[in-house]
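Take a look at the structure below.
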Number of protein chains: 2
Amino acid sequence: MQTSTTEDYLKAIFKLSGPTKQGVSTNSIAEELSTKASSVSDMVKKLADKGLVNYVKYQGTTLTSEGEDIALHVIRKHRLWEVFLVEKLKFGWDEIHEIAEQLEHIKSPKLIDKLDEHLGFPKTDPHGDPIPDKNGKFPELNQYKLNELTIGEKSILIGVSEDSKEFLRYLDGINLKLGSSIEILDYFKFDKSLKVKINKDTELTFSELVAQNLNVSKEN
Amino acid sequence: MQTSTTEDYLKAIFKLSGPTKQGVSTNSIAEELSTKASSVSDMVKKLADKGLVNYVKYQGTTLTSEGEDIALHVIRKHRLWEVFLVEKLKFGWDEIHEIAEQLEHIKSPKLIDKLDEHLGFPKTDPHGDPIPDKNGKFPELNQYKLNELTIGEKSILIGVSEDSKEFLRYLDGINLKLGSSIEILDYFKFDKSLKVKINKDTELTFSELVAQNLNVSKEN
DNA sequence: CATGGTATTTAGACAAGCCTAAATTTGTTT
DNA sequence: AAACAAATTTAGGCTTGTCTAAATACCATG
């Protein structure tokens, strides 16, 4: 059984790996977890000893399949608890993250299965993020964050995860609406920004932050 | 904010203090928490430094009012989660303790108040134990464990917390039924056993374990 | 291809809690 | 009152995960 710190590291590495499963830098893990690079260096060595990550000095970290499995189960728990907090306890969607950060570490497989049932086997959390099933498989949703797509894929905007006025005005300004098409032209690893073509005519660049908040369906 | 270890110590000391709020021995805390007396010695010193317990070497430990307040809030959380597990998730009453042991350490006052509301402000947990309110006050229930009474008090049996065949047959054997009267004649500190008079005619002795499982109303 | 800057790792410490073994206090028994 | 047993505390160490400071590796730029 893992400590909650171990679970936090695996979850952070999973999140930072992105869909391409690239190696994750020590510094990025440190930033994600609000800790120091030296602590991360120590820790990933220990995780590697336990077979949860692949780690080569100076070359970044990836999850092993066992590590990924644990990360997916933690994400499952986090997202199910978020559904509970919003649906049953009537929390606002902006208050639930840090509570779910704690609840996700509760150890009891039976608890989480019963919670899943109690909630009616939801497929997504209150932010629209997909909830892995008990085997760690994501449901087939045809709903993605734009930054989960790869170069060349075409998609349709079906929603946003952020509803601040600033963000929505920005989308207006570039003429991006629900139903607009978005094609990924290029991906810049350095800042994770995306070059895209929208509405089949306009090329522009999205920062990672913008891309994360655009929910799309892949076009077949 | 307290660590969950601190909360566990305070809860254990509260439980062991009993209604008389007697000083608690190092060894009894160690046993309650499945740890060693030397660890307890260390820890109560630290708790005393933080103002949560009164500790005099070789003379036992009591809670300060601040320590008691924390203990009562942990108990509140534990019992509310137990209600949730049984009422909402349909757990059996025998499976919930260790899950609640984890859930009781979740930090979020708002969470616990919303949970309380969601559950309809229950006054007792699935074992019949009273749930302190958000100020740490126990509800007035006129329902007690027999071992919470003091010498001289008279009571009526209204329920049992343990429903094994062995226990129920034992009660039959001494002619103790719902509605029977029980008067506390004496209390033996050494093994926490009670000398009682039942049905206004028969004197006998209950072990602590038996007394804990007899729920009574005080007679006015 | 040398050099400087950034990323990363190592070295050495620290706090929280736990342990075993040894010392000390308390309290009981004669 | 002495001596022994039980309870308790102290001493010294261990693990997990953290930190700062110093050393080292990588890489881009000139």
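The values are calculated or read from the model by the stated rules, or taken from the named source; none is laboratory data. Keep in mind that what you see is a predicted model, and the values were worked out from it rather than measured. Neighbour counts are summed over all protein chains in view; Cβ atoms, including those assigned to glycine, are modelled from backbone coordinates with ideal geometry.
Of everything in region A:168-187, what is under 25 Å from A:Leu16 (Cβ atoms) and of a type in the set (Val, Ile, Thr)? Give them in sequence order. Scanning region A:168-187 gives A:Ile182, A:Ile184. What's the total number of residues in region A:108-144 that are part of a loop (DSSP other than H, G, I, E, B), crowded, with 16+ Cβ neighbours inside 10 Å and aromatic (Phe, Trp, Tyr)? Looking only at that region, the number is 0. Restricting A:Glu183, A:Glu162 to those that are out of contact with any Phe, Trp or Tyr (no Cβ under 9 Å at 6 or more places or on another chain), surrounded by 13 or more Cβ atoms within 10 Å (Cβ to Cβ) and in a strand (DSSP E or B) reduces the list to A:Glu183.
Between B:Thr35, B:Thr61, the distinction of being within 16 Å of DNA strand C (Cβ to nearest atom) and surrounded by 22 or more Cβ atoms within 10 Å (Cβ to Cβ) belongs to B:Thr61 only. Against the conditions (1) more than 14 Å from every other protein chain (Cβ to nearest Cβ); (2) within 10 Å of DNA strand C (Cβ to nearest atom); (3) without any contact (Cβ under 8 Å) to a residue 24 or more places away in the chain; (4) under 28 Å from B:Leu115 (Cβ atoms), B:Leu47 satisfies every one except (3).
The lone criterion from (1) away from chain A (no Cβ under 14 Å); (2) on the phi > 0 side of the Ramachandran plot left unmet by B:Glu66 is number (2).
From B:Lys123, B:Lys110, B:Lys134, B:Lys114, which residue is within 25 Å of A:Glu95 (Cα to Cα) and away from every other protein chain (no Cβ under 14 Å)?
It is B:Lys134.
When region B:5-19 is filtered for residues that are polar (S, T, N, Q) and either farther than 15 Å from B:Thr64 by Cβ or within 16 Å of DNA strand C (Cβ to nearest atom) (or both), the ones remaining, listed by number, are B:Thr5, B:Thr6. Of all residues in region B:112-144, those satisfying the criterion of being at pLDDT 90 or above and closer than 27 Å to B:Ser193 by Cβ are B:Thr124, B:Asp125, B:Pro130, B:Phe138. Yes or no: B:Ser28 at pLDDT 95 or above, out of contact with any Cys (no Cβ under 7 Å at 6 or more places or on another chain) and closer than 25 Å to B:Asp191 by Cβ? The answer is yes for B:Ser28.
If the condition is being facing chain A (nearest Cβ under 8 Å), assigned to a loop (DSSP other than H, G, I, E, B) and over 21 Å from A:Gly120 (Cα atoms), then region B:71-104 contributes only B:Glu95. The residue of region A:6-22 that is surrounded by the most Cβ atoms within 10 Å (Cβ to Cβ), among those that are more than 14 Å from chain B (Cβ to nearest Cβ) and within 11 Å of DNA strand D (Cβ to nearest atom), is A:Tyr9. So which residues in region B:20-32 are without any contact (Cβ under 8 Å) to a residue 12 or more places away in the chain and within 11 Å of DNA strand C (Cβ to nearest atom), if there are any at all? Hit for region B:20-32 is B:Ala30, nothing else.
Here B:Phe190 clears all of (1) in contact (Cβ under 8 Å) with a residue 12 or more places away in the chain; (2) of a type in the set (Phe, Trp, Tyr); (3) closer than 30 Å to B:Gly23 by Cβ; (4) not in a strand (DSSP E or B) except the condition numbered (1). Can you find a residue in region B:140-158 that is out of contact with any Leu (no Cβ under 6 Å at 6 or more places or on another chain), of a type outside the set (A, V, I, L, M) and either closer than 21 Å to B:Glu87 by Cβ or within 14 Å of chain A (Cβ to nearest Cβ) (or both)? There is at least one residue in region B:140-158 that is out of contact with any Leu (no Cβ under 6 Å at 6 or more places or on another chain), of a type outside the set (A, V, I, L, M) and either closer than 21 Å to B:Glu87 by Cβ or within 14 Å of chain A (Cβ to nearest Cβ) (or both). Checking each residue in region A:26-60 for being away from DNA strand D (no atom under 11 Å from the Cβ), out of contact with any strand residue (DSSP E or B) (no Cβ under 7 Å at 6 or more places or on another chain), assigned to a helix (DSSP H, G or I) and farther than 14 Å from A:Lys11 by Cβ picks out A:Thr26, A:Asn27, A:Glu31. The single condition among (1) assigned to a loop (DSSP other than H, G, I, E, B); (2) of a type in the set (Gly, Ala, Ser); (3) touching a Lys or Arg at 6+ places or on another chain (Cβ under 7 Å) that A:Gly152 does not satisfy is (3). Note on region A:193-220: among residues that are in a loop (DSSP other than H, G, I, E, B) and at pLDDT below 90, the one that is nearest to the chain's Cα centre (by Cα) is A:Glu219.
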